[in-house]
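The values are calculated or read from the model by the stated rules, or taken from the named source; none is laboratory data. Since we're looking at a predicted model, the values are computed, not measured. Glycine gets a Cβ as well: all are built from the backbone with ideal geometry, and neighbour counts include every protein chain shown. Surface accessibility is based on the protein's heavy atoms, side chains included, excluding ligands, DNA and RNA. Shrake-Rupley method; radii C 1.70, N 1.55, O 1.52, S 1.80 Å.
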Amino acid sequence: MKNLNRLTVFGIIVVVVMAAAALFAPFIAEHDPGAIELGSVLMPPSAEHIMGTDSLGRDLFSRMVYGARISLSVGFVAVGISVIAGVIFGSLAGYYGGWIDSVISRFIDIMLCFPTFFLILATIAVLGPGIWNIMVIIGLTSWMGVARLIRAEILSLREREFVEAARAVGASDFRIITRHLIPNGLGPVLVSATLGVAGAILTESGLSFLGLGVQPPVPSWGNILTEAKSTLGIAWWITVFPGLAILITVLGYNLLGEGLREHFNPHRKQ
Amino acid sequence: MVNYIARRLIGILPVLIGITLITFFVIHLSPGKPTRLQAEMSPKISLEAREKLDKLYGLDKPVHIQYWEWVRRLARFDLGKSFVDDRPVSQKIGERLPVTIAINVLSLALIFLAAVPIGITSAVKEGTAYDRISTVFVFIGFAMPTFWLALLLMNLFGVHLGWLPISGIKSIDFEDYNLLEKFMDLARHLALPVFVSAFVGLAGISRYMRTSMLEVLNKDFIRTARAKGLPENIVIYKHALKNALLPIVTIIGLSIPGLIGGSVIFESIYAIPGMGKLFYDSVMARDYPVIMGVLFIGAILTLIGNLVADVVYAYVDPRIRVSGR
């Protein structure tokens, strides 16, 4: 990590600042994000409300800070689920090969045929919206990339001497996979997970914007923007700030992911 | 070539079965029966009527028989009837599909026409200001929430400047227009949706084009071409471009599900009567037959898109069709 790319540094700063906002939300937000104040409806940004207020007089900045909590936790939990599912399917396919590999690889092909957003919406239609459902559904529809990565990695390693040596001393399949094979593929998985957080935040905000994700009154960047549509041309701050927050956060995770990719891939030229 | 296509078509069969299985599985995830929700929404429906509904949709039978009957009806293009207005789902999708396909084809064309030159130029001018600016643009494109972009553009061109209409695909008095006016009207209505749907793909594909071009420019045959004194223009646009375009065909094929999925967002923002809007409305109304139908058709469209991309790739790159996959 000698010569950190400037863009990567930007990514790290964004990720850290947003994480801090999410963690310390109660100390940063000056107002209660749910406090309705009908006396100050749709106020433009001022010293009292630095990002203005929404149509119920709630402080936009406080809602944004608490929204960071929601958006980031959806991103992390969803990616956690997708990485776990991807690693399990990928290592089974890569290690055992044969019919297990055929079945899993076909399953991946089939899952990739569905427009992910359609699959997510259909599942929400059946299970209902809400933050927990969103996390699980995004996770279970985005594991295929990680599975392919791990499968390819294990496929290229399973005949190597160190695996044979482990087998010779009597290590179980489970131990070989978890202790010897998976750790070798963690670099690319970390890259893919970082980019995955960005993707999950985008998906969650889109769903919440459509009213099918995080449900009001819980604030999320996406569902704050739902209101932006009805206040278009009247209250620019409701449109601008949440969108910028999503854009910058996703950009930050993407840049960090690219930085990590460079880091794990020293052969690639800058 | 025929051989290759035949092999690909046979390979599709299990994927097709898989698509029906997943579609069926998703809709039957619900703890109760799909008709229960419909019945709960209108309290007028009695227990007796409810059982009738169950029978109508075959929900009183075991799951595997339900699946089998659904697939049999599917084979006859019978996707069932909508819960909302009782019209055949295939008909409802049929009237929405052309709009969505038209927008997606237009935006694919736009992506291709813009991304290829951007990619080539930033590869050729690697490391210059142009390359750096286009890199920044690409990263912003990747991170842009489409619905936000749609809102901003709607605000700018629709509300503030008043240049473009903000919803629907044609004006109310569309029928009275002459041909040119009709064309202009459609173009004005479609400008924003097509741009929004192309934006994200544009970023991705110009990036791939750049990488692909850089790779080709490092190949030996390019050095040979330069060494024998060919003008740089011919080296780039004749020798390098042809080879650099190959992977882009596949990438465009792979971007189809994203485009179709994205149609839900911009179609519901711009109130475009396409498949995405239909899907959104049916999700809101828990109209399961339509949801199932659109999910299935969306996957089939992706499958066809990928198949076309593969066949085109095999056509332009003989190595593929000879060596198999």
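Considering only the other residues whose Cβ falls under 15 Å of the Cβ of A:V41, what net charge follows from Lys and Arg at +1 and Asp and Glu at -1? Cβ neighbours under 15 Å give a net charge of -3. For chain B, the gyration tensor built on C-alpha atoms gives an oblate shape. Its axis ratio a/c (a ≥ b ≥ c) is at least 1.5, and a/b is not larger than b/c.
For the stretch B:107-164, the extents of the C-alpha atoms along the principal axes are 40, 22, 19 Å, listed from largest to smallest. Converting phi to 3J(HN,Hα) with the Karplus coefficients 6.51, -1.76 and 1.60 and the offset θ = phi - 60°, the stretch A:156-166 yields 7, 9, 5, 9, 6, 4, 5, 6, 4, 4, 4 Hz in sequence order, with x at every glycine or proline.
Once both labels are positioned 7 Å from their Cα atoms along Cα-to-Cβ, the gap between A:I88 and A:A47 label points is 5.7 nm. Proximity of backbone amide H atoms, modeled 1.01 Å from N, is registered between B:K81 and B:V89 at under 5 Å, excluding neighbours fewer than 5 places apart on the same chain. Summarising the amide proton neighbourhood of B:L164: residues at separation of 5 or more, or on other chains, whose placed amide H is nearer than 5 Å comprise B:G158. GNM remark for chain B: springs join alpha carbons under 10 Å apart, and the peak mean-square fluctuation among B:L278, B:L202, B:L21 falls on B:L21.
Surface composition of the stretch A:6-268: carbon plus sulfur atoms contribute 68% of the solvent-accessible area (1.4 Å probe, protein chains only, all chains present).
Against chain B, whose longest principal axis is taken from its Cα atoms, helix B:129-143 shows a tilt of about 10°.
Over every pair of different alpha-carbon atoms in the stretch A:123-206, take the mean of 1/r and invert it; report that Kirkwood radius in Å.
15.0
Computed from backbone phi with θ = phi - 60° and the Karplus coefficients 6.51, -1.76 and 1.60, the 3J(HN,Hα) list for the stretch B:174-186 is 3, 5, 7, 6, 7, 4, 5, 5, 4, 4, 4, 4, 4 Hz; x is used for glycine and proline.
Here is the size of the stretch A:6-268 from its Cα atoms: Rg then Dmax, 21.7, 76 Å. Only Cα pairs under 8 Å and 6+ residues apart enter the sum, and on that basis the relative contact order of chain B stands at 25 percent.
Given an 8 Å cut-off on Cα distances and at least 6 residues of separation, report the relative contact order of the stretch A:1-89 as a percent. Display every interim value, and only then the final one.
Details: 90 pairs, mean separation 23.4, N = 89.
Reported as a whole number, the value is 26 percent.
The string of couplings for the stretch B:12-23 from the Karplus curve (6.51, -1.76, 1.60, θ = phi - 60°) is 6, 3, x, 5, 4, 4, x, 4, 5, 4, 5, 4 Hz, one whole number per residue in order, with x for Gly and Pro. Calculated accessible area for the protein assembly as shown comes out at 48 Å² per residue, all protein chains present (probe 1.4 Å; ligands, DNA, RNA ignored). Among the listed pairs B:K125/B:K238; B:K182/B:K238; B:K92/B:K182, which are separated by more than 28 Å between their Cα atoms? Exceeds cut-off: B:K182/B:K238.
The Cα atoms of the stretch B:132-248 cover 63, 35, 22 Å along the three principal axes, with the biggest extent listed first. Could you work out which residue, out of B:F83, B:F266, B:F279, moves most in a Gaussian network model of chain B, that is, has the largest mean-square fluctuation with Cα springs under 10 Å? Of the options given, B:F83 has the highest mean-square fluctuation.
Measuring r between the beta carbons of B:L180 and B:A271 and using R0 = 22 Å, the FRET efficiency lands at 0.35. I need the Debye-formula profile for the stretch A:132-270: one equal scatterer per C-alpha, no solvent, reported as log10 I(q)/I(0) at q = 0.19 1/Å, two decimals. At q = 0.19 Å⁻¹ the computed log10 ratios are -1.08. Local charge sum around B:S122 (other residues, Cβ-Cβ under 11 Å, Lys/Arg +1, Asp/Glu -1)? Its environment carries a net charge of +2.
Most fluctuating residue of B:L307, B:L214, B:L179 in a GNM of chain B with Cα springs under 10 Å: which is it? The residue with the greatest mean-square fluctuation here is B:L179. Approximating the spin labels as points 7 Å out from Cα along Cα→Cβ, the B:N218-to-A:I12 distance works out to 2.6 nm.
By the helix-only formula, in which each DSSP H run with n ≥ 4 contributes -39500 (n - 2.57) and the sum is divided by residues, the protein assembly as shown has a 222 nm mean residue ellipticity of -23500 deg cm²/dmol.
Measuring nothing but how far apart in sequence close Cα pairs (under 8 Å, 6+ apart) lie, relative to its length, chain A scores a relative contact order of 25 percent.
Diffusion of the protein assembly as shown by Stokes-Einstein, at 20 °C in a medium of 1.002 mPa s and with Rh set to the Kirkwood radius over alpha-carbon pairs, works out to 81 µm²/s. In degrees from 0 to 90, rounded to the nearest 10, what is the angle of the helix A:98-113 Cα long axis to the longest principal axis of chain A? With rounding to tens, the tilt is 20 degrees. Using a/c under 1.5 as the rounded threshold, could you call the stretch B:263-305 rounded, prolate or oblate? The axes a ≥ b ≥ c are square roots of the C-alpha gyration tensor eigenvalues, and prolate needs a/b larger than b/c, oblate otherwise. Cα axes put the stretch B:263-305 in the oblate bin.
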